[in-house]
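This report refers to the structure that appears directly beneath it.
The values are calculated or read from the model by the stated rules, or taken from the named source; none is laboratory data. On a predicted model such as this, the values are computed, not experimentally measured, just so you know. Cβ placement follows ideal geometry from the backbone for every residue including glycine, while neighbour counts extend to all protein chains displayed. The area values use the complete protein model at the heavy-atom level, side chains included, leaving out ligands, DNA and RNA. Shrake-Rupley method; radii C 1.70, N 1.55, O 1.52, S 1.80 Å.
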Amino acid sequence: MEEVSLPPEAALPSEPGLDLTPTVATNLRRFRQERGLSLERLSRASGVSRAMLGQIELGQSTPTINVLWKISLALGVPFSGLISEAVAPGTLVLPASRGRVLRSHDGGFSSRALFPRDRPRNVEFYELRLAPEAIERADAHAPGTTENLVVHEGSVEISVGSERQRLDPGDAILFEADVPHSYRNAGAGEAVMYLVMTYAPPRS
């Protein structure tokens, strides 16, 4: 699988099919302009600095996974909307060998989209991996967002607000993800999970 590391304020490699920077830049500019938001207003809504937003729109920087979540929440679009690329209609195979992996800054957490990033979707499917002793903390997603997660390998502790649950292989959990939550590897080896993220339908 191709691995895409997302350190703060650092450009990604520019090999064909690997660099998310232009895609994120184009989508961020389009969504922001469609909503009539200035960089300053989007900065206040998302908590991401105006300078960082400007760098992202210019293709000079690709944000971390958590920053992407903050921007998508402020814009009111699914996470996939910021990293979407148009693909031809019809049956599509996503080979593991060409999968694109987003990694946290410390490398302890990775997320692989198991769906085409051709357009924003109300339902998304991910493979998540956590290194031993790693913790991934997530900010609250948009109101009405739910996560349905099953542990494939290892043991994982899921914290949702003040509630904490331990899951072993085969265990599944469904929770409202519009509050801060976290995933912690509670075992000695790598943990592998599969996540279905469902967003509330857009208001008519």
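What number comes out for accessible area per residue over region 25-104 if the probe is 1.4 Å? Units Å², please.
Solvent-accessible surface per residue comes out at 49 Å².
Shape verdict for region 69-204, please, from the Cα gyration tensor: rounded (a/c under 1.5), prolate (a/b greater than b/c) or oblate.
oblate
Counting only heavy atoms of protein chains, what accessible area per residue, in Å², does region 125-190 have with a probe of 1.4 Å?
Spelled out: the 1.4 Å probe surface of region 125-190, per residue, equals 51 Å².
Can you list the residues, at least 5 places off or on another chain, whose amide H is less than 5 Å from the amide H of ASP171, using H built in the peptide plane?
Answer set, sorted by chain and number: VAL151.
Of the GluC sites (Glu not before Pro) in region 110-204, which ones lie in a loop per DSSP and count no more than 16 other C-beta atoms within 10 Å?
GLU133, GLU190
Taking amide H positions as placed in the peptide plane 1.01 Å from N, state which residues far from GLY99 in sequence (5 or more) or on other chains have amide H under 5 Å from it.
Answer set, sorted by chain and number: GLU2.
Specify the inter-centroid distance of region 94-113 and region 43-66, based on alpha-carbon positions, in whole Å.
Each part reduced to its Cα centre gives a spacing of 21 Å.
Could you give the spread of the C-alpha atoms of region 150-204 along their three principal axes, from largest to smallest, in whole angstroms?
If we take the Cα atoms of region 150-204, the spans are 47, 22, 14 Å.
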